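The values are calculated or read from the model by the stated rules, or taken from the named source; none is laboratory data. Everything quoted here is computed from the prediction, not taken from an experiment. FYI the Cβ positions are ideal-geometry reconstructions off the backbone, even for glycines, and counts take in every protein chain you see. To get the accessible areas, we keep the full protein, side chains included, count just its heavy atoms, and leave off ligands, DNA and RNA. Shrake-Rupley method; radii C 1.70, N 1.55, O 1.52, S 1.80 Å.
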Amino acid sequence: MEADSVSIWPRMEPFLLGALQAAPSSKLSLHYLRKMASYVRTRDGCFPVLGWPMWRHIACGKLQLPEDLAWLYFETFDLLVGHTPEERLERAECLSQCSSKSELDQQRNKLSVDTLQFLLFLYIQQLNRVSLRTSLICEEWPSHRTRSPSSSDREAKTSSQNKNWDDQAHLSFVQSHLAEILELLVEPGQLSQSGQALRDCQISLEAVRSLDLLLEGSVCHGRAVQPVHRLLTKAPLQTQAGWSTQSRSFPLHKLLLCLQRGLTLNPFGITACLRSGKKLAWAQQVEGAMKRAKIARNTHTAPPGSKMVLMSQVFKQTLAKTSDKLTGANVKVHRCSDAFIYLLSPLRSVSLDKCRDSTVVLGPVETSVHIHSCQNVRVVCVAGRIAVGASSRCTIHTLTPTRPLLLPGNTDITLGPFHTFYPSLEDHMASVGLAVVPDAWDQPLLLGTEGIVDPSLNTSSNPDPACYRLLPPAEFHTLVVPFQMEGDTCEVPGGLPPPYQAALDEKQKRIQNWQKTVLEARLSKEQKRQFQEVVEVKFHEWLLETGNRQELDSLIPSAVASLKDLNGPATDAPRVNDTEHIRNGRAAGQSPLAC
């Protein structure tokens, strides 16, 4: 079998979930990471695993990073690597019992990561480094040598937007920086005085195993996906890579050439998904708005960690789905507007990009929800992490064990507690290892171009500390998921924070007082009819003024009828059961009234 039959590609998740969507600290440049690579291999307690206390010492004492930023990188890497749901729930239980910073530090001190993989993770933060040269010359001027992009290429670029989703950017990054990546894996004794690897140096198999974080591949098209170290130690690549069974190592220059020859675009990336991914069937096809919507997935072919669902240009629609096809998928919602989207399955990650005037309700998200360049969007989710960047007038109701990350470019962001449920929510939370405590929804972390932002300082290069607010209890309302599903959850998991529960109780009390007032008025039958008409008129006026009419119209009984063949007999509310519920938001119909 020829070596040319082996394909190696960058894994999606390290770049999608691991690279923070902000310019990295200058202290994470190759110069400093080379010093760190030498340091960790010559100090006790740093290699082959690196604990939080030693990373804090390196980050804060050697690299001069703020402790919050050091923890952010450590925590992000921990979210990325595989932990079982049981392990995550056990850790959440321990953290929930911490009542002081010292107790929290004791729990953090128990955590450790693979040293070399963590080094590579820190290195790929350069993915989002701002390059003045690239920003000046990259695709600004057309060239006769450049082929015209196909429509799939254009869609991939448009849908990717940021480099975290762009598999072509991942490939370009690895191709350009592979030599430096391998240098970080070389033992200090084989480095020159300047820290660069000597040409005849060797890389051990144990060090090459750390490349499994970034690279994977397969022998022949369609074969099982394997970690890169396994491909390099077997035919047909072992000879080309210089694998020695005696020394259990690879010559650096041979390994570099072998990997460079085999690198190719990820066959499960966003480009392939847009070109040949399976298009999701719509429950109902309508004219106009729905014609331009695109939804595709690769979940039927991709291995775990590469499953994705892409949704683009859903316009004036209500879409609801719960399905095994969504479970464990990385979801991208792109350029949707005036839409109501319910994805009620356990998800791996979710990205909202350039959406506006929409509501997105999500099942539990194991890793992160990233909101970028959105306007007037409401997001409701339980998630491992929330990150918001370059967005305005967005409201996020979340339950999260980590501090919400506010990136540069935000204005008028509102943070509120998680305020809804659906019947299978708690089962879904358990399946991805998310608990009701700890909950840090109201403790945002502001990340600027120069690192963590001190709220007491306000400089032009950092986010305005006033870019967000916590939702006042007086403005708080719960959200009802308007679909019937199977399950046992019948209330918001963990309950509401006391001030918000008190605000709801007060509103309920006012409703009861109003009902008592109407009852004691002893209206005649004619007066009751007139009073009902006045209430209905005012209610419809309120629906139109607030835009809620569109959402209600998309849930009228005619929508249920369209699902009858898919979900069985129609019921009083739409059902969500391994299918989509989609309805044109401009449909006519009577809105339900609460009297």
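Mind listing just one residue for me: the one in the range 417-445 that is hydrophobic (A, V, I, L, M, F, W, C) and touching a His at 6+ places or on another chain (Cβ under 9 Å) and, of those, nearest to Pro364 (Cα to Cα)? Talk me through it step by step, then tell me what you get.
In the first step, residues of the range 417-445 are kept if they are hydrophobic (A, V, I, L, M, F, W, C); the result is 418, 421, 425, 429-430, 432, 434-437, 440-441, 445.
Narrowing further to those that are touching a His at 6+ places or on another chain (Cβ under 9 Å): 418, 434, 441.
Details: Phe418: 11, Leu434: 8, Trp441: 15 Å.
Looking at the filtered set, the residue picked out is Leu434.
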- Note on the structure: Among (1) within 23 Å of the chain's Cα centre (by Cα); (2) part of a helix (DSSP H, G or I), Ala502 falls short only on (1)
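A quick yes/no check of all residues on (1) modelled with pLDDT under 95; (2) out of contact with any helix residue (DSSP H, G or I) (no Cβ under 9 Å at 6 or more places or on another chain); (3) among the acidic types (Asp, Glu); (4) open to solvent by 10 Å² or more (accessible area, probe 1.4 Å):
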residue	(1), (2), (3), (4)
Pro303	yes, yes, no, yes
Phe315	yes, no, no, yes
Ala320	yes, yes, no, no
Ile371	no, yes, no, no
- Within the range 331-369, the count of residues that are of a type in the set (Asp, Glu) and closer than 25 Å to Met429 by Cα comes to 2
- Note on the structure: Taking the range 307-329 and keeping only residues that are closer than 15 Å to Leu555 by Cβ and aliphatic (A, V, I, L, M), one is left with Leu319, Ala320
- Query: How many of the residues in the range 55-88 are open to solvent by less than 60 Å² (accessible area, probe 1.4 Å), assigned to a helix (DSSP H, G or I) and within 20 Å of Asp439 (Cβ to Cβ)?
  - Reply: 8
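Please go through the range 163-180 and pick out each residue that is of a type outside the set (A, V, I, L, M) and over 22 Å from the mean Cα position of the chain (by Cα). Outline the logic, then answer.
Residues of the range 163-180 of a type outside the set (A, V, I, L, M): 163-168, 170, 172-173, 175-177, 180.
Across the range 163-180, the qualifying residues are Ser172, Gln175, Ser176, His177, Glu180.
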- Name the residues in the range 408-424 that are surrounded by 21 or more Cβ atoms within 10 Å (Cβ to Cβ) and at pLDDT below 95, would you? none
- Note on the structure: Picking from Asp427, Asp439, the residue that is over 21 Å from Cys374 (Cα atoms), part of a loop (DSSP other than H, G, I, E, B) and either modelled with pLDDT of 95 or more or not small (Gly, Ala, Ser) (or both) would be Asp439
- What are the residues in the range 39-54 that are surrounded by fewer than 18 Cβ atoms within 10 Å (Cβ to Cβ), out of contact with any helix residue (DSSP H, G or I) (no Cβ under 6 Å at 6 or more places or on another chain) and assigned to a helix (DSSP H, G or I), if any? Tyr39, Pro53
